[in-house]
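The values are calculated or read from the model by the stated rules, or taken from the named source; none is laboratory data. Just so it is clear, the structure is predicted and the values come from calculations on it, not from any experiment. Counting neighbours? That spans all protein chains shown, and the Cβs are built from the backbone with ideal geometry, glycine included.
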2 protein chains.
Amino acid sequence: MTTELAILRLVRDDLARVEQKMQAMGEGAYRPLAEAFLHLIGSGGKRLRPALALAAYALFANQASEKVVSLAAAVETLHNATLVHDDLIDGSLLRRGSVTLNATWGKGATVLAGDYLFARAAGFAAETENIRVVQLFADTLRTICEGELRQLFSTHQWRQEKEAYYPRIFAKTASLFASATRSGAILGHASVEQEQALNNYGYHLGMAFQIVDDILDYAGDEAVLGKPVGGDLRQGIVTLPFFYFLQSHPAPEGVLARLEAGDRAGNGMADVVAQVRASAAISQAMDEARDFAARAKANLASFPANAHRTALHDLADFVVARDI
Amino acid sequence: MTTELAILRLVRDDLARVEQKMQAMGEGAYRPLAEAFLHLIGSGGKRLRPALALAAYALFANQASEKVVSLAAAVETLHNATLVHDDLIDGSLLRRGSVTLNATWGKGATVLAGDYLFARAAGFAAETENIRVVQLFADTLRTICEGELRQLFSTHQWRQEKEAYYPRIFAKTASLFASATRSGAILGHASVEQEQALNNYGYHLGMAFQIVDDILDYAGDEAVLGKPVGGDLRQGIVTLPFFYFLQSHPAPEGVLARLEAGDRAGNGMADVVAQVRASAAISQAMDEARDFAARAKANLASFPANAHRTALHDLADFVVARDI
């Protein structure tokens, strides 16, 4: 826990400015809308993505500019906008222990509230007055949406290739991590090589982060997760532990046939989840996450050693040291 | 019809470039998504909004730049993105005689397809490399979403003030018209006064356009509309003709009580629609639309007389000359 706190502690004052900027969205907005997104913002989240943007920028400048605060607000607001629509799509009623917008508003209002947050995120991105940052944001949102659509259309396709997993988690998670650190570098007037290195850091960190998230879905403590394990498989989403499990299973065809039969009967998942959880697939997937984390760290090598570089370095370690 | 064609004829070649740019979105995109939005784009629409951006720009430059083509594509793509979500919210199965995405895809995929189009619109806006245009776009999307939410939360509120109508149609329609013409001016390096004049032209044109649309919903020919008259009232949306009808009705309280009773019983609309249609409210609303059109035209006075100015001028006349 202390390791994670290092980066958040370093950028704490800047994050407070980001928070203020996001809260200020409520001023002058239509009241029910303002209340809804203040509830959303107020219900927590680690603010890891804006912290990444701020820390990347801090490798180049001593003090956070107004523009990088706008960037960080854009990153977090975009993330929240996608969560609003995700919860609607999944029919989720709770997130971070709070009721979702989807649970209190109707479908139409929830769609529009998400759209509104996309608009605000775009506005914050424009406040950076950097057209490359804006372009990067537009591209990232495109990647996220396309990835979500691919995932939606590939649920319950138990026989898909392991290779399809990587672009999916890039779209879902790593793309925004990479854009956050890369945009921080752009605003910090980084060189082409530095910008690329920070993009790669964010990418590999995001991949590691999502793999660990997918591992926790099988191997986590239900009390900590706040939900039963195996939620992904139950939703028909296949992730890295499942692919490894299948690879080393003596009779993969039997497992697949069983899942397909389970789709028809609406059951039969719990046993597969327990098997994956107890198998070597968990540590195999964890090794791969550690590999991504190591590659994230390698991309920091060319930067001068300072507190922010150390914090980014330690964050990569922390991500793969989460309790499983 | 010939009057409308003047502006579309003038910018026909540029519109073809806009069309090409939008079609090119399909290249490399996830196939089901590409097919969906190519169907959407291919199913028509007058392309009035991109034409406005191109014509406004043409007041300052002889030839459409790549950037103004991007602007026009951004305007039309943003418009289409909002239509995708509108159809989902309204549960509409047909638009422009084609099946909606909502009718063929599920809720989740439709939300994501709309989001994807927002992302592409933002990308096109960024291609203008003009940060003010990007900011204007973000603000316009925010206005549209907030307006839609206000409308959603105010349906079946029969006793609302007439004054609430104007900000609602500004948000719904006039804001994007104004942004289209204003952005064209910005890219054309207009003076502050010229930019303001074109913003005001777009605003007043958009207000006139939406009022006429709302009149047609009562007074139009069902065969031309392709749907029964009175759709707005049936959806619980009150528009200008209804406000005028109520103002001059000898017993407005009776009408309101009847609508409220109808809400409970699920009927009683048809008669009110017929009364509004037959009343002086239609011509009163039309007078107001003409007033907006006249103010749109007045904003063109300071520009040198040329084919594009004439086309913009005539468009304002055309909008209020639509068959009712």
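Out of the residues in segment A:90-123 that are of a type in the set (Val, Ile, Thr) and at pLDDT 85 or above, state the one that is surrounded by the most Cβ atoms within 10 Å (Cβ to Cβ). Filtering segment A:90-123 for residues that are of a type in the set (Val, Ile, Thr) and at pLDDT 85 or above, the one surrounded by the most Cβ atoms within 10 Å (Cβ to Cβ) comes out as A:111.
Of everything listed in (1) at positive phi; (2) in contact with a Ser or Thr (Cβ under 7 Å, 6 or more places away or on another chain), the single unmet condition for residue A:268 is (2).
Against the numbered list (1) buried (at least 18 other Cβ atoms within 10 Å of the Cβ); (2) farther than 30 Å from residue B:249 by Cα, residue B:293 comes up short only at (2). Quick check on my filter: what residues within segment A:124-135 are over 19 Å from residue A:19 (Cα atoms) and surrounded by 21 or more Cβ atoms within 10 Å (Cβ to Cβ)? A:133, A:134, listed by residue number. Scan segment A:170-191 and give yes if some residue there is among the hydrophobic types (A, V, I, L, M, F, W, C), farther than 25 Å from residue A:322 by Cβ and without any contact (Cβ under 8 Å) to a residue 12 or more places away in the chain, otherwise no. No, that holds for no residue. Of all residues in segment B:40-78, those satisfying the criterion of being within 14 Å of another protein chain (Cβ to nearest Cβ), buried (at least 20 other Cβ atoms within 10 Å of the Cβ) and over 23 Å from residue B:300 (Cα atoms) are B:70, B:73, B:74, B:77, B:78. Between a residue in segment B:267-285 that is without any contact (Cβ under 8 Å) to a residue 24 or more places away in the chain and any residue that is in a helix (DSSP H, G or I), which pairs come within a Cβ distance under 8 Å, given they are 6 or more apart or on different chains? Note: pairs meeting the criteria are B:268/B:258; B:268/B:259; B:268/B:261; B:268/B:262. Being out of contact with any His (no Cβ under 9 Å at 6 or more places or on another chain) and either free of Cβ contacts under 8 Å to residues at least 40 places away in the same chain or within 12 Å of another protein chain (Cβ to nearest Cβ) (or both) is the requirement here; does residue A:146 meet it? For residue A:146, the condition - out of contact with any His (no Cβ under 9 Å at 6 or more places or on another chain) and either free of Cβ contacts under 8 Å to residues at least 40 places away in the same chain or within 12 Å of another protein chain (Cβ to nearest Cβ) (or both) - is met. Residues in segment B:152-169 that are part of a helix (DSSP H, G or I), surrounded by fewer than 20 Cβ atoms within 10 Å (Cβ to Cβ) and of a type outside the set (D, E, K, R): B:152, B:153, B:164, B:165, B:166, B:167.
When A:227, A:172 are checked against the criterion of being more than 19 Å from residue A:54 (Cβ to Cβ), among the basic types (Lys, Arg) and in contact with a helix residue (DSSP H, G or I) (Cβ under 8 Å, 6 or more places away or on another chain), A:172 stands alone in meeting it.
Residue check: is residue A:202 of a type in the set (Gly, Ala, Ser), within 28 Å of residue A:300 (Cα to Cα) and touching a Ser or Thr at 6+ places or on another chain (Cβ under 6 Å)? Criteria met by residue A:202. Determine whether residue B:174 is more than 30 Å from residue B:268 (Cα to Cα), at the interface with chain A (Cβ under 10 Å from one of its Cβ atoms) and of a type in the set (Gly, Ala, Ser). So residue B:174 fails the test. Just the residues that are surrounded by fewer than 18 Cβ atoms within 10 Å (Cβ to Cβ) and farther than 17 Å from residue A:190 by Cβ, please, taken from segment A:306-317. Hits for segment A:306-317 are A:307, A:310, A:317.
The set of residues in segment A:112-142 being β-branched (Val, Ile, Thr), more than 7 Å from chain B (Cβ to nearest Cβ) and not in a loop (DSSP other than H, G, I, E, B) consists of A:133, A:140. Residues of segment B:175-206 being of a type in the set (Val, Ile, Thr) and touching a helix residue (DSSP H, G or I) at 6+ places or on another chain (Cβ under 6 Å), which ones? Across segment B:175-206, the qualifying residues are B:181, B:186.
On inspection, residue B:177 fails the criterion of being outside any loop (DSSP other than H, G, I, E, B) and surrounded by fewer than 23 Cβ atoms within 10 Å (Cβ to Cβ). When residue A:238 is tested against (1) buried (at least 23 other Cβ atoms within 10 Å of the Cβ); (2) part of a loop (DSSP other than H, G, I, E, B); (3) within 14 Å of another protein chain (Cβ to nearest Cβ), only condition (3) is not met. Of all residues in segment A:109-120, those that are free of Cβ contacts under 8 Å to residues at least 12 places away in the same chain and farther than 23 Å from residue B:155 by Cα have Cβ atoms under 6 Å from Cβ atoms of residues that are part of a helix (DSSP H, G or I) and of a type in the set (Gly, Ala, Ser), 6 or more apart or on another chain, in A:119/B:138. Consider residue B:92 carefully, then state whether it is free of Cβ contacts under 8 Å to residues at least 24 places away in the same chain and either away from every other protein chain (no Cβ under 11 Å) or within 15 Å of residue B:49 (Cβ to Cβ) (or both). In short, yes.
Going residue by residue through segment B:3-23, is there one that turns out to be without any contact (Cβ under 8 Å) to a residue 24 or more places away in the chain, touching a Leu at 6+ places or on another chain (Cβ under 8 Å) and at negative phi? The answer is yes; a qualifying residue exists.
Let's see how each residue does on (1) at pLDDT 95 or above; (2) more than 27 Å from residue A:320 (Cβ to Cβ); (3) not acidic (Asp, Glu):
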| site | (1), (2), (3) |
| --- | --- |
| A:9 | no, no, yes |
| A:33 | no, yes, yes |
| A:40 | no, yes, yes |
| A:46 | no, no, yes |
| A:49 | yes, no, yes |
| A:54 | yes, no, yes |
| A:65 | yes, yes, yes |
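Per the conditions (1) among the hydrophobic types (A, V, I, L, M, F, W, C); (2) in contact with a Leu (Cβ under 9 Å, 6 or more places away or on another chain); (3) more than 15 Å from residue A:162 (Cβ to Cβ), the sole criterion not satisfied by residue A:238 is (3). For the structure I just gave you, tell me whether residue A:151 is without any contact (Cβ under 8 Å) to a residue 12 or more places away in the chain and within 12 Å of chain B (Cβ to nearest Cβ). So residue A:151 fails the test.
Just name the residue that is farthest from residue A:157 (Cα to Cα) out of those in segment A:203-235 that are free of Cβ contacts under 8 Å to residues at least 60 places away in the same chain and not in a helix (DSSP H, G or I). That would be A:227.
Residue-by-condition table, conditions (1) farther than 27 Å from residue B:200 by Cβ; (2) among the hydrophobic types (A, V, I, L, M, F, W, C); (3) modelled with pLDDT under 95:
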{"residue": "B:256", "(1), (2), (3)": "yes, yes, yes"}
{"residue": "B:264", "(1), (2), (3)": "yes, no, yes"}
{"residue": "B:268", "(1), (2), (3)": "yes, no, yes"}
{"residue": "B:273", "(1), (2), (3)": "yes, yes, yes"}
{"residue": "B:276", "(1), (2), (3)": "yes, yes, no"}
{"residue": "B:279", "(1), (2), (3)": "yes, no, no"}
{"residue": "B:283", "(1), (2), (3)": "no, no, no"}
{"residue": "B:288", "(1), (2), (3)": "no, no, no"}
{"residue": "B:305", "(1), (2), (3)": "no, yes, yes"}
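All of (1) within 22 Å of residue A:143 (Cα to Cα); (2) assigned to a loop (DSSP other than H, G, I, E, B) hold for residue A:189 with one exception: (1). Look at segment A:295-324: where a residue is farther than 25 Å from residue A:285 by Cα and a partner is outside any helix (DSSP H, G or I), sitting 6+ places away or on another chain with Cβ atoms under 6 Å, you get A:303/A:59; A:308/A:59; A:309/A:300; A:309/A:303.
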